[in-house]
Amino acid sequence: MSAPTPSPRAPGDAADPSVPLLPVLVGASSLGAGVGVIFPLLAEFQDRYGFSAEGLGVLSAATFIAALVSGLFLAGLADRGHARLLMVGGVALSAAGLLWFAAGTELWQFTGARLLEGLGYGVFLPAARKVVTVGDPGQAGQRLGRLTSAELGGFLAGPVIGSALSEAVGLWAPLVLIGLVQVGLAVWITTVRLPALPVDTARSSALGSFRMLRRGSVAGAALLSLTIFLPVGIYDALWSRYLTDQGATTLFIGIGLSLYSLPIVLLAPAGGRLADRIGPVRATAYGICLIIPTTIAYGLLSAPLLITAVGLLEALPQSVATPAVQTAMLRACRPEEVAAGQGLAHAVNQVGAGTAALVGPIVYEAAGATVLFSCVAATMLGLFLLGLALHRRGGGDAIAELA
């Protein structure tokens, strides 16, 4: 059986004024910028330091593996009274990863840097989602949408910063800039007063996250989250390489990635409000049904401009599905296990995306983009249907919402 959904506030109730949205949103934005700054530079790092296509997969998978570990074994610490520690530590780890990446010259160094960055993401975001939604479950989707907007706003700025500074100064410059900004942010978050958070008094072990998967609503929400996140592994490992092979410049790739994020930055809060109003599973389903065809389209096109245009189309349903699926997991969890649930979803995402990052470059070189993106879309469809079925079996409202 799924856990009861907390009663939302009345529609006229104001959000809890004690929730420190600004530092949390700025922290999420800095993490997004740290990821985005590397995307357009990967092909140049590969060409300069001479690692293979498999090396690109290893770099991307390192981030996902680290986030998997942190999502499963560390995120739940926020439910046991350590939300501040996770947010400060997350930003600091990301900063260390960026600075190490800037100084690196060999694949193992770049891999270690991405591991640190993945650990940072994996501990910051579950704690941040718990903090921004505390005391306001009726508007959780909107608040999660604002967090998504901030994160992707940073991601939007990252490629532009990376492309411009790398050409004007050097490959190391944008990484050092964002890394130093994150050091300052980590210090700022240590001074922020956090609201009282529901605490897991049972002090559940890390294995508690695995036990949560016994609840169908939790397992279903995790699979719906994976459906949306699965292509990210392909994008992380191959987007720069794929567009470079089609003749795109580093600057074009950076601008295109930023444009992809722009609709999500602008619309994610509205997408979260839609999830609050019509139900998160229905909102997620609408988004996924539009994302799958655009995933197929990537492999059917060869002009960088057209590929980027499809990315802009995909961003519209993503702006609904991303906060909606986070809200679906929130509703499947008890208040004292929100961070563990968000960490679990994050970890499940990393399993799929990390696998895609490892396998994707191999499939791309062996069979081409059409086969690769078609296989990703077919996998997404299977995960989507299974997620709906598990949610229904667990007493969730998946089918009722879709009716």
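The values are calculated or read from the model by the stated rules, or taken from the named source; none is laboratory data. Keep in mind it's a predicted model, so treat the numbers as computed, not measured. FYI the Cβ positions are ideal-geometry reconstructions off the backbone, even for glycines, and counts take in every protein chain you see. With ligands, DNA and RNA removed, areas are computed over all heavy atoms of the protein, side chains included. Shrake-Rupley method; radii C 1.70, N 1.55, O 1.52, S 1.80 Å.
When residue 113 is tested against the conditions (1) under 23 Å from residue 354 (Cβ atoms); (2) open to solvent by less than 30 Å² (accessible area, probe 1.4 Å); (3) within 14 Å of the chain's Cα centre (by Cα); (4) not charged (D, E, K, R), the lone failure is (3).
Reported count of residues in segment 44-63, each being open to solvent by less than 10 Å² (accessible area, probe 1.4 Å) and either free of Cβ contacts under 8 Å to residues at least 24 places away in the same chain or in contact with a helix residue (DSSP H, G or I) (Cβ under 6 Å, 6 or more places away or on another chain) (or both), is 7.
Within segment 379-400, if we keep just the residues that are in contact with a His (Cβ under 9 Å, 6 or more places away or on another chain) and assigned to a helix (DSSP H, G or I), the residue that is modelled with the lowest pLDDT turns out to be 399.
In segment 167-179, of all residues being more than 25 Å from the chain's Cα centre (by Cα) and in a helix (DSSP H, G or I), the one that is surrounded by the most Cβ atoms within 10 Å (Cβ to Cβ) corresponds to 167. The residue pairs whose first member lies in segment 78-92 and is more than 15 Å from residue 188 (Cα to Cα), whose second member is surrounded by 23 or more Cβ atoms within 10 Å (Cβ to Cβ) and small (Gly, Ala, Ser), and whose beta carbons are closer than 6 Å, counting only pairs six or more residues apart or on different chains, are 78/127; 78/339; 79/339; 79/340. Of the numbered criteria (1) touching a Phe, Trp or Tyr at 6+ places or on another chain (Cβ under 9 Å); (2) surrounded by fewer than 20 Cβ atoms within 10 Å (Cβ to Cβ), the one residue 307 fails is (2). The number of residues in segment 196-241 that are modelled with pLDDT of 75 or more and touching an Asp or Glu at 6+ places or on another chain (Cβ under 6 Å) comes to 0. Kindly evaluate residue 102 against the criterion of being at negative phi and open to solvent by 10 Å² or more (accessible area, probe 1.4 Å). Answer is yes for this residue.
From the list 315, 356, the one residue that fits, being open to solvent by less than 10 Å² (accessible area, probe 1.4 Å), under 19 Å from the mean Cα position of the chain (by Cα) and not acidic (Asp, Glu), is 315. Do you know which of the residues in segment 1-53 that are of a type in the set (Asp, Glu) and outside any helix (DSSP H, G or I) is modelled with the lowest pLDDT? Here the answer is 13.
For every residue, the table says whether it meets (1) small (Gly, Ala, Ser); (2) within 24 Å of residue 261 (Cβ to Cβ).
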| residue | (1), (2) |
| --- | --- |
| 302 | yes, yes |
| 308 | no, yes |
| 313 | no, yes |
| 319 | yes, yes |
| 338 | no, no |
| 342 | no, yes |
| 365 | no, no |
